[in-house]
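Structure record follows, encoded as structure tokens.
Every number here is computed from the coordinates shown, using simple stated rules; none is lab data. What you see is a predicted model; the values in this text were computed from it and never measured. Counting neighbours? That spans all protein chains shown, and the Cβs are built from the backbone with ideal geometry, glycine included.
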């Protein structure tokens, strides 16, 4: 999943918070605190913030951390171009 996370995080630096909210990472009341913590730890580096949010997802919900679930969340965020690119990558 790390290759997929890098691929996606490079393409969604401005939308990573919306994606984090769509993924089954944490209960709603805790996700905002996690987003804040990621922002503080990686201030000024949006791609790293996006990547770290995906790592939090993988750590907190390993059974639900699948390419299919990520694609669903990307679609829910209307990041269809990223979905298309991700779906056509033979190395992922």
Exercise. Identify, please: which residue in the range 1-40 is loosely packed, with under 13 Cβ neighbours inside 10 Å and in contact with a helix residue (DSSP H, G or I) (Cβ under 7 Å, 6 or more places away or on another chain) and is, among those, nearest to residue 78 (Cα to Cα)?
Worked result: 14
For this session: Give 55, 25, 71, 4 a once-over and let me know the one that is within 11 Å of the chain's Cα centre (by Cα) and not in a helix (DSSP H, G or I).
Result: 25
Exercise. How about the range 58-68: which of its residues are in contact (Cβ under 8 Å) with a residue 60 or more places away in the chain and part of a helix (DSSP H, G or I)?
Worked result: 67
Exercise. Taking the range 74-85, which residues are without any contact (Cβ under 8 Å) to a residue 24 or more places away in the chain and either touching a strand residue (DSSP E or B) at 6+ places or on another chain (Cβ under 8 Å) or part of a loop (DSSP other than H, G, I, E, B) (or both)?
Worked result: 78
Problem set entry | Contacts under 7 angstrom Cβ, first residue in the range 34-54 being within 15 Å of residue 14 (Cβ to Cβ), partner surrounded by fewer than 12 Cβ atoms within 10 Å (Cβ to Cβ), 6 or more apart | 46/14
